[in-house]
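Peer 1: Please see the structure below; I have some questions.
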Amino acid sequence: MKLASLKNNTRDGELVLVSRDLKRAVKVPQVAKTLQQLLDNWDELAPQAEAIYQQLNDGSVADAFDFVESQCESPLPRAYQWADGSAYVNHVELVRKARGAEMPETFWTDPLMYQGGSDAFLGPRDDIAMASEEYGIDMESEVAVVVGDVAMDASKDEARDAIRLFMLVNDVSLRNLIPGELAKGFGFFQSKPSSAFSPVAVTPDELGAAWDGDKVHLPLVTHLNNDLFGRPDCGVDMTFDFPTIVAHAAKTRPLGAGAIIGSGTISNYDRSAGSSCLAEKRMLEIIADGKPSTPFMKFGDQVRIEMFDADGASIFGAIDQTVVEYKK
């Protein structure tokens, strides 16, 4: 299935099913009014939604309407949990190398993860409003999973079985605020503002052979100001796969239905694939030239994040955002 949440002046949006080609949608209040409601009652309600989804794709739903991505909230406009991992350790290694820091060996065996703010996600076409360019505004193109209930200390197999949906993420980061926060020893907070997710969330079967039960084997394409910035393959150089990072998140506490777990910045050792964030490109410049030449995002800059299937069709729709000056 493909699912989205339309803006409707409520906190959680209105659940719709979206056709596989992202052209048509249908409201399903007889099944669930919000995506969270569907996730809370997945075993009972998902089969009902799936039946309507098949009818939508067959063209036999009478009340279907044109799907417009700009009318969407993030699939979950707010969530009970948003935890972002760093599954591509070569990305972490690169950042540390650029500043001459050793990387502990445990980084290769124990995933990094931080707990982000989940009470106010941005919509996939909403502006990124920031008070100052001096914060060091950066995008981070990622993939995330949405899970059902996960028991504490779940096994990798149990974590895999709990994956309900996939989404794309722009995990906005304020790079110039990060060093001061990390120096306090308590991790990210102000340096991690609201994230945005793709217009559409999809069930694993929609990815076909690109989902092998552990990783998504497709490039994630990022454009900055309409220029290709990167298209690293999500299935390459992923040190910790999705079941592993979900199980890691549940090691000492359960995860509730609707919890979102992110992959962290997609990154390949093959640098010809480009990057998924400005920080990585700047680090490569530091290593090569002794200083960065690529600036962080300025007001008016635009980022577009999208994933395409083997036939070139957009799977999730696009995150397409512009950085603007925040004014009270």
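Peer 1: Using 0.36 nm per residue, how much length does the chain from residue 58 to residue 151 gain when fully extended, once their Cα-Cα distance is taken away?
Peer 2: Stretched fully, the residue 58-residue 151 segment lengthens by 29.7 nm.
Peer 1: Run the numbers on the chain and let me know its relative contact order in percent, using alpha-carbon pairs under 8 Å that are six or more apart.
Peer 2: 23 percent
Peer 1: In nm, to one decimal, how far is the modelled label at residue 7 from the one at residue 252, with both set 7 Å along Cα→Cβ?
Peer 2: The modelled label-to-label distance comes out at 4.0 nm.
Peer 1: Carbon-plus-sulfur fraction of the accessible area of region 210-328, 1.4 Å probe, in percent?
Peer 2: The nonpolar share, carbon plus sulfur, comes to 50 percent.
Peer 1: In addition: Given the peptides 251-260, 126-135, 87-96, arrange them by the average over their residues of other C-beta atoms within 10 Å, most packed first.
Peer 2: Listed from highest to lowest mean packing, they are 87-96, 251-260, 126-135.
Peer 1: Now a separate question. Of the cross-linked pairs 2/156; 33/192; 298/327; 192/327; 27/328, which ones have a Cα-Cα span greater than 27 Å in the structure shown?
Peer 2: Flagged as over cut-off: 33/192; 27/328.
Peer 1: Highest first, please rank the peptides 264-273, 36-45 by the mean number of other Cβ atoms sitting within 10 Å of their residues. Display every interim value, and only then the final one.
Peer 2: Numbers: 264-273: 20.8, 36-45: 17.1.
Highest-to-lowest ranking by the protection proxy: 264-273, 36-45.
Peer 1: In straight Cα distance, which aspartates and glutamates are under 17 Å from residue 7, not counting same-chain residues fewer than 8 positions off?
Peer 2: Hits, sequence-local ones excluded: 66, 69, 73, 119, 126, 127, 320.
Peer 1: Oh, and also: Can you give the charge dipole size of the chain about its Cα centre, rounded to the nearest 20 debye, using +1 on the beta carbon of Lys and Arg and -1 on the beta carbon of Asp and Glu? Present the calculation step by step, with values, prior to reporting the outcome.
Peer 2: Numbers: 31 positive and 50 negative charges, 179 e Å.
Once rounded to the nearest 20, the dipole reads 860 debye.
Peer 1: Let me ask you something else. With both partners inside the chain, how many of the DSSP beta bridges are antiparallel, as a percent to the nearest 5?
Peer 2: 85 percent
Peer 1: Follow-up. What 222 nm value per residue comes from the helices of the chain, counting each DSSP H run with n ≥ 4 as -39,500 (n - 2.57) and dividing by all residues, nearest 500 deg cm²/dmol?
Peer 2: After summing the helix terms and dividing by the residues of the chain, the value is -5500 deg cm²/dmol.
Peer 1: Roughly how many Å is it from the Cα centre of region 291-320 to that of region 246-285, as a whole number?
Peer 2: Using only Cα atoms to place each centre, the spacing works out to 16 Å.
The values are calculated or read from the model by the stated rules, or taken from the named source; none is laboratory data. Not measured: the values here are computed from a predicted model. Please note: Cβ atoms are built from the backbone with ideal geometry, for glycine as well, and neighbour counts cover all protein chains shown. We work out accessible area using only protein heavy atoms, side chains counted, and drop any ligands, DNA or RNA first. Shrake-Rupley method; radii C 1.70, N 1.55, O 1.52, S 1.80 Å.
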